[in-house]
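The values are calculated or read from the model by the stated rules, or taken from the named source; none is laboratory data. Since this is a predicted model, take the numbers as computed values, not measurements. Every residue, glycine among them, receives a Cβ derived from its backbone with ideal geometry; neighbour counts consider all protein chains shown. Heads up: the accessible areas ignore ligands, DNA and RNA and are worked out on the full protein's heavy atoms, side chains in. Shrake-Rupley method; radii C 1.70, N 1.55, O 1.52, S 1.80 Å.
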Amino acid sequence: MLVVEEGEHVSGIVTHRLPFSVDRRTLLATGTTLAAGGLFGSLPAAADEHGEGGDDNALEEPTGVAWRYDGSHDVDATVAAGGRIYTLADGGVVAIDAEDGSLVWETGDIGAERTLAVAEGSVFVAGDPVQALDAESGEVRWEGEIASQEMAVGHGMVYASSEGNVYALSGADGSVQWSRESATVETDDGERAAAELVLGDVGEDAVYAADSDEHLIVGFDPTTGETATTIAQNQPADLLTAGSGHVASYPAHDTAFLIEVATETRTDVPQSVAHTIVGDTYFTTTRNGGLVAFDLSDTAERAWELGTGLGTEHDLPAVVGGTAVTTHVPRPADMPDEEDNEDRVVALDVASGEEQWRYVFEGTDGVELADADGDTVYVSRNGELLALRPEEESGDDGGSEDDEQGDEPEEHEIPGEAEVIGYEDTEHVDVTHDFPSQSIGERACRLDVGVINTSEDRELKVRYAASTYDADDDHIDTVTSGTVVLEPGDDTDAEFAIGCEEDGSYEVSVDVMHSTEYNPDDGDNPADDQDDTDDDDDDEIEDDEDTGENDQEDGPPLELSVSAPDSIARGETASVDVRIWNHGEDAAEITVSLEAGDVSDSMTVEIAPGDCYASFHTVPCGDLSLGDNEWTITAGEVTESGTLVLTDS
């Protein structure tokens, strides 16, 4: 997340938390460093187009969801800057319009990993290699000579580490300006060498790296790479964050070390899980779910804490002006009090910790903070990136406790149709669909789908999907449901957020994957309890080129169906829908694999008798060559193949 003291003068840097683990709540992590409004010097953080900057300007209270984005995104590597949201997605970078949530551009897989930073019109990306993209178009500006998962940006440089060395790359062209492979540190026991350096963070006067095995922290001059400061400690030095004359590390135990660089005065912060320094405040989340702030303006003094012992968890905050924004998520195992058993976004005064406002969601599905800027808070919930903003209708997701309704979203009438496909008994399915009754954004609209089992004696197992198209019938987006079992007379409904365009269209497809005679006294129906429409010799399935059916001498009879586009343009991603039916009497444990271009993906799955297994794969354009690309899907001994064409436009 981008953590910005809006309107505050900083030394070309602002820190935010860098993910070092899939579970952001269970491992301490520190920050990549971003230029706040300028990569090349001490500049004030720029006001965002949604609001005015300034220390006296607290972040305004949101009243509803301005838009939703349901594409792939990495909540730990999401930055709001210059009217756009930049995030990592499947090894690439995605740019989203901050005003309406529409997709501006995407790169496909370019080897991006862990984090990104935005400054001076560029998006800097860690990975293989470290590289810079044009923030406006997504085009590559330069590729560095090294690969690194650690990256910090400031002082006109992009800092990285690889194979024990620290590098400073020019922010303008990526050329190496200096590198350090080791540093000598004077200790009470004599000299020690820091020879396995890992980049940590960049502060006002130094770039910090650590040799954890030697328990050493080294600060290098940002411009020349000369050793500026050294710190020896009695514990491993990992996951550094720096700022306001301090550097903090995590020694792989349950306590963080907060060190004043000039005096090497150390403050121990117990139960730390994640930390960052923003302006003159050190924030840390604790193992019991709390959020603690230390004032660094004079000495490291504990200023306030939030949520300790409430049975809840909080994210590291995003800071805008004098407001720190965090999330509040209950931990059911800790049995929080009823008044705390809700998902919230909470705004706090940075100096005092006093609550300014809270935005409450319906339900406890979890919510993670991505970033905040101007008058907007960005969070991830139920796989979607949401923009919370003032003067928006709260809808079903919740809203502030003193909610003021905004204008009604603009209504669109988009034509669509539905079809029922599948194994059998498709005549017993009715489908309702409404798209959308109100749009949530240009490319994030609401689609309501209902499926009804009209039979009197059949139990149906169904899965449904929806696809949208633009005015030229080009595909925009696809969403799918999970598998649903419908007893006679049952119905199910779902609300999807899906990409759309005002003049486009949509299609709903309901797949009847299995049908059995309904017998409520039997509990789960056996998978082979089907109408007598199958041949007696079910295990002898003729070859079928379209469905991928083949003779199965060594396993149960399988049916393979693959849906894939014929072509995609550069910058797009192909979605491959794979479905495998087990028509046998025994469970099937099979390996499912995809080969397409440079993509090679496989997994082992078990499919119960009569069940259908569905999986969805993405093939980024970066893994394909221009022209024809052969693809193959294999499920056990069943294979289906085809050709995917990558075009230049």
**Message:** Restricting to the range 501-519, count the residues that are closer than 15 Å to His433 by Cβ and surrounded by fewer than 18 Cβ atoms within 10 Å (Cβ to Cβ).
**Reply:** 1
**Message:** Kindly evaluate Ala206 against the criterion of being free of Cβ contacts under 8 Å to residues at least 60 places away in the same chain and either under 20 Å from Ala300 (Cα atoms) or open to solvent by 10 Å² or more (accessible area, probe 1.4 Å) (or both).
**Reply:** yes
**Prompt:** Taking the range 163-185, which residues are outside any strand (DSSP E or B), open to solvent by less than 70 Å² (accessible area, probe 1.4 Å) and more than 14 Å from Leu216 (Cα to Cα)?
**Reply:** Gly171, Gly174, Ser175
**Request:** Keeping to the range 277-322, report how many residues are open to solvent by 10 Å² or more (accessible area, probe 1.4 Å) and in contact with a helix residue (DSSP H, G or I) (Cβ under 6 Å, 6 or more places away or on another chain).
**Result:** 1
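Look through the range 581-639, keep the residues that are acidic (Asp, Glu) and at pLDDT 85 or above, and return whichever of them is surrounded by the most Cβ atoms within 10 Å (Cβ to Cβ).
From the range 581-639, those acidic (Asp, Glu) are 585-586, 589, 595, 598, 601, 606, 611, 623, 628, 630, 637; that's our starting set.
In the following step, the residues that additionally are at pLDDT 85 or above were identified as 595, 628, 630.
Working: Glu595: 15, Asp628: 11, Glu630: 11.
Looking at residues that are acidic (Asp, Glu) and at pLDDT 85 or above, I get Glu595.
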**Message:** Going residue by residue through the range 145-160, is there one that turns out to be aromatic (Phe, Trp, Tyr) and touching a residue at least 40 places away in the same chain (Cβ under 8 Å)?
**Reply:** yes
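Each row is one residue, and each column tells you yes or no for (1) in contact (Cβ under 8 Å) with a residue 60 or more places away in the chain; (2) open to solvent by less than 10 Å² (accessible area, probe 1.4 Å); (3) assigned to a loop (DSSP other than H, G, I, E, B); (4) at negative phi.
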| position | (1), (2), (3), (4) |
| --- | --- |
| Ile96 | yes, yes, no, yes |
| Trp105 | yes, no, no, yes |
| Asp109 | yes, no, yes, yes |
| Arg114 | yes, no, no, no |
| Ala117 | yes, yes, no, yes |
| Val125 | no, yes, no, yes |
| Pro129 | no, no, yes, yes |
| Ala132 | no, yes, no, yes |
**Request:** Restricting attention to strands (runs of 3 or more DSSP E) lying wholly within the range 287-405, give those where 1 or more residues are modelled with pLDDT of 90 or more.
**Result:** 291-295, 301-306, 318-320, 323-330, 344-349, 355-361, 368-373, 376-381, 384-389
**Complete:** Among (1) open to solvent by 10 Å² or more (accessible area, probe 1.4 Å); (2) in a loop (DSSP other than H, G, I, E, B), Leu239 falls short only on (2)
**Request:** Scan the range 60-85 for residues that are open to solvent by 10 Å² or more (accessible area, probe 1.4 Å) and part of a strand (DSSP E or B) and jot them down.
**Result:** Val65, Ala66, Arg68, Tyr69, Ala81, Arg84
